Structures are given as structure tokens and as C-alpha cells.
Amino acid sequence: MNHDRASVAVATVVAAARAPVSVVVADGHGEVVASLRMEGAALDTYENARRKAYTAARSDAFTTRELAAKMAAAPTELASFDPVFSFFLGGVAAFEDGRRVGAVGVSGLPGEEDEALAVAAIRAAGLEPAGVY
């Protein structure tokens, strides 16, 4: 995930969000490349978006939705997860030529909307979102 693509992803979320959100774009290691907390977004949405992007970039799941489903099926696995991982919808991995190159995390709206914004951001950046979107 390079800065140019990350900037496009952030701008896409800002333009499309129906209310203030935070968006974080991470590289393949889960490190922040670009981010923004929109004016009026709750302070905790930034940390939530960062954790969502980190989770989608680093976990064996491609989205925070997928990881939450995995947890629901085997709650005892929680002890083995990275404590920074998030199980809230809105984190989606980004792929280029079949290789995970980063992720987008969005927080501030209901999870389904956060996730849809992350998917749109990834596509706008010229990358492919994880899963079937």
C-alpha cells in the first residue's frame, strides 16, 4: 500500500460517508500509511478504525467480519489472538495481484456501512477487496 493509493482510499471514504467517521489505511504489516478522523467523529472512532485496519492486514482472516465469525464458532481461540485485533465490522484487506498489500478500517457508522465504505475505498484505490464484495 503506497501513499498515493492510501490517500485515494481516505478521500473516497470522506466523500462517501453519510456522517463523520474515521478511516485508517494500513500497509501489509498493519502500520498506518494514511488516516483521518473527520470533524465531528467521536474520538474513539480513530482507534477503532486503526484496529480494524490492523486486524484485516495481519490476521489470517481477510475481514474483521470473517474474524468475528471465526470467534463465534470457537470462542476459546480468543486467548491466542493478538490483543489489538478488532472483531467489529469495518476492516477489509486489500489485494493486488492476489497478494495482500494492506487494509482499510472505517469506524463511526453501523458496521455494515463501515465495511461498505472500506470496500469502496479499496476499489477506488485500484485494489481488490478481500472476500466476495
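Computed from the coordinates by the stated procedures, all read-outs in this text should not be read as laboratory data. In this text the structure is predicted, and so the values were computed from the model without any measurement.
Here are some notes:
- Cα long-axis angle, helix 44-58 against the chain (0 to 90 degrees, to the nearest 10): 60
- Mean-square fluctuations from a GNM of the chain, with a 10 angstrom spring cutoff on Cα atoms, peak among 120, 42, 53 at 42.
- Helix axis angle, 3-16 relative to the chain longest principal axis, alpha carbon, degrees: 80
- A Gaussian network model of the chain, with springs between Cα atoms under 10 Å, assigns the largest mean-square fluctuation among 13, 84, 33 to 84.
- Ratio of the Cα radius of gyration of the chain to 2.2 N^0.38 Å, where N counts its residues: 0.93
- Using alpha-carbon coordinates, inclination of helix 64-73 to the longest axis of the chain, degrees: 20
- Sequentially through the stretch 85-99, phi angles give Karplus couplings (6.51, -1.76, 1.60; θ = phi - 60°) of 4, 10, 10, 8, 4, x, x, 9, 6, 10, 10, 9, 6, x, 10 Hz, Gly and Pro residues having no value and appearing as x.
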